[in-house]
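Taking it in order: structure first as structure tokens, then the write-up.
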Amino acid sequence: MNRPTTHKTQSKATRSSSRRTAKKTPATTNSEPTKERLIEQFRSLRLPMFRDQFQTSADRAAAEKLSHVQYLAELTQLECQARQESRIKRLMTNSRLPLGKTWETFSFERLPLSVTRQLESLREGSFLDRRENVLIFGRPGAGKSHALCALANQLVQQGRSMLLTTCSLLVQQLLIAKRDLRLQKFIKQLTRYEGLMIDDLGYVQQSREEMEVLFTLLAERYERGSVLLTSNLAFSKWDQIFKDAMTTAAAIDRLVHHSVIIELNVPSYRVETAKQTKSDGQSAKSSKQKSNS
């Protein structure tokens, strides 16, 4: 009569032991394969920060008793931040902006207060949303190119797409595109940039054919994207650029319609620097002569 009881007791003990073993087994045997599978999945989904940081974040979440949502939010923030930094780096490379020409190295003290305020108003970038143009005029050395590059540098840091080119180089690219019967395609490629920066318009005199392709670009871009340009020639002398009065008037009309016009009527920075260097050298020489006498 006692045998069934013994068998029943042994069965319970066996089942209890099996359950304890079953609870321990997944934790020790499935952890590494799960990690490897996650790494491959994150790589496939192109989520590098998830791939590299999920375990570190998981350990911190466990230690600080963060919720699943908080853990996921932390990983997502890291991924978004990395993507933004990568995008800005790519935009900066594509912009072709020179190194060093930023607001930190720009001499605001040389400018009238009204001009400084104009530049300040452009720095948040809303003119790009309105497809407005920025036209900067001034004599050689006034700081036109530096101001343009500094503005573009800040806008790129905000995630805006900008492209810097000289007028001479741009015209040659347009001519080559026209020769190869792909002018419209090239102009369309430029529309991916929110701001097209054309430096030194009128600095080098161009032929009529060269100015025709430039006018075509300006006409196509009118109210579709911002143009930011610098020129050492006032509007009254633009007939030297576009060769005839009608084309000149049409070009000015398209550029000015939605625009901010900045005039840098200040002496050449390079000339001032050269004069200051010469003056400092003469003062040092005079001081040395006095000390030797």
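The values are calculated or read from the model by the stated rules, or taken from the named source; none is laboratory data. Values in this document were obtained by computation on a predicted structure and should not be read as measured data. Here the Cβ is made from the backbone with ideal geometry for all residues, glycine too, and neighbour counts use every protein chain on show. Quick note on the areas: whole protein, heavy atoms, side chains included, nothing else; ligands and nucleic acids left out. Shrake-Rupley method; radii C 1.70, N 1.55, O 1.52, S 1.80 Å.
Normalising the average separation of contacting C-alpha pairs (under 8 angstrom, six or more residues apart) by the number of residues puts the relative contact order of the stretch 184-260 at 38 percent. Quick one: of 188/237; 101/178; 35/65; 144/243, which pairs are farther than 27 Å apart, Cα to Cα? As for pairs spanning more than 27 Å Cα to Cα, those are 188/237; 101/178. Per atom type, the stretch 130-228 shows carbon and sulfur on 49% of its accessible surface, probed at 1.4 Å.
The Cα-based radius of gyration and maximum Cα-Cα distance (Dmax) for the stretch 64-180 are 19.4, 67 Å.
At full extension, residue 96 and residue 56 could sit 10.6 nm farther apart than now, given 0.36 nm per residue minus the alpha carbon distance.
Partner aspartates and glutamates whose Cα lies under 14 Å from the Cα of residue 185, excluding those fewer than 8 positions away in the same chain, are identified as 220. Taking the charge dipole of the stretch 107-219 about its Cα centre, with +1 at Lys and Arg Cβ atoms and -1 at Asp and Glu Cβ atoms, the residue from 203, 184, 111 reaching farthest to the positive side is 184.
Could you calculate the FRET efficiency of residue 73 with residue 120 from 1/(1 + (r/R0)^6), where r is the beta carbon distance between them and R0 is 41 Å, rounded to 0.05?
Working: r = 36 Å, r/R0 = 0.87.
Efficiency for this residue pair is about 0.70.
In a fully extended conformation the segment linking residue 158 and residue 86 would gain 24.7 nm over its present Cα-Cα distance, using 0.36 nm per residue. Taken per residue, the accessible surface of the stretch 160-266 reaches 49 Å², heavy atoms only and a 1.4 Å probe.
Our estimate of slack between residue 219 and residue 32, defined as 0.36 nm per intervening residue step minus the Cα-Cα distance, is 61.2 nm. Think of each Lys and Arg Cβ as +1 and each Asp and Glu Cβ as -1; about the Cα centre, that makes the dipole of the stretch 50-189 roughly 900 debye.
Each residue of the stretch 96-110 is assigned a 3J(HN,Hα), and the resulting list reads 6, 6, x, 6, x, 8, 10, 5, 5, 9, 8, 8, 5, 5, 7 Hz, derived from the Karplus form 6.51 cos²θ - 1.76 cosθ + 1.60 (θ = phi - 60°), x at Gly and Pro.
Among the protein heavy atoms, those of residue 66 account for about 50 Å² of accessible surface (1.4 Å probe, every chain in place). Considering the stretch 173-221, its Cα convex hull presents a mean projected area of 3.5 nm².
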